[in-house]
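> Please see the structure below; I have some questions.
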Amino acid sequence: MNFRKSGYIHDVDRLIEQTSVEQVLAHYGKPLPDKSTGEHRMQCVFNEACIDSQYGNLTIRLDDPVNRIYCHSCQVRGNLLTLIHGLEHHRPPEGGRLRGDEFKAAVAKLKDIAGLPANEAASTSTSQSRATTSFNPMPQARTEATPHPAVPASGPLPPTPKLTNTPLHRHEKEAARALADLYQDLVTDVSQMSPEAARYVRTRPWMTPELMQKWGVGWIPGNGRSLFRKNYLVYTHRN
Ligand SMILES: [Zn+2]
């Protein structure tokens, strides 16, 4: 990888500083810190072995955006992007540090969480994106409205989304259409699920593999098709 010393890295640093731990944890449905300073503890997001060995082994330093996270079991450390990578993929960054595609994917996700337009995610950013950067200080605000840039940009703005409910298999984006049959990838064998998902299914004896397949219920495996919601047990809605 070879990032130019452009506005890109500078903007990423700013984004990391300005996006709160709460926003990220809320995005993934994780328990939020009950304070704004000091340390927050949670289960390790990088290695399942850590989760089994001890509860609350990942420390999040709430006032240190640079040395933000540290796992006392597997020793993975990093910043908010590293945390996002772990929440997405449930494994440490390759080679111990976020680089290249893993780095870019985490940045794209961070922008998504911060409410920035997705089409800026992969671009090398300029001063324009700085002007259009807007943040929701409270995670709850994300559900109320799609944030709009406070300052009109000189470049083209994304069109206002139409309020229609298009079935995935007719979606205008190919990537979305390709997800329409994602239910076929769902794991219904408890021995192949994450411990949490397996526990959920095992405590519901009526959830047999046959019924789960029939109704499109199962655990999303960590393959490339399901980057957006890994490690979830999902119920499919077909239309
Ligand atoms: Zn760990």
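The values are calculated or read from the model by the stated rules, or taken from the named source; none is laboratory data. The model shown is predicted, which means the values in this text are computed figures rather than measured ones. The accessibility values were calculated without ligands, DNA or RNA, using every heavy atom of the protein model including side chains. Shrake-Rupley method; radii C 1.70, N 1.55, O 1.52, S 1.80 Å.
> Tell me, what does the Kirkwood hydrodynamic radius of the range 168-235 come to in angstroms if you use every pair of distinct C-alpha atoms?
It is 12.5 Å.
> Give me the 1.4 Å probe accessible area per residue for the range 168-235, excluding ligands and nucleic acids, in Å². Let's see the in-between values first.
On the way: 4440 Å² over 68 residues.
Ligands and nucleic acids excluded, the result is 65 Å² per residue.
> Which aspartates and glutamates, if any, have their Cα less than 15 Å from the Cα of Lys104, not counting same-chain residues under 8 positions apart?
Asp11, Asp13, Glu88, Glu94, Asp112, Glu120
> Additional query: Just the number, please: carbon plus sulfur as a percent of the accessible area of the range 2-105, 1.4 Å probe, no ligands or DNA/RNA counted. Let's see the in-between values first.
On the way: 2460 of 5390 Å².
Reported share for carbon and sulfur atoms: 46 percent.
> Right, something else. Which of the aspartates and glutamates could be linked to Lys173 by a straight reach, that is with a Cα gap under 15 Å, when you skip same-chain ones fewer than 8 residues away?
Of all the aspartates and glutamates, those that pass the test against Lys173 - Cα under 15 Å, at least 8 places apart if same chain - are Asp181.
> Another one. Give me, ordered by chain and number, the residues 5 or more places off Val217 or on other chains with an amide H under 5 Å from its own placed amide H.
Long-range HN contacts for Val217: Thr236.
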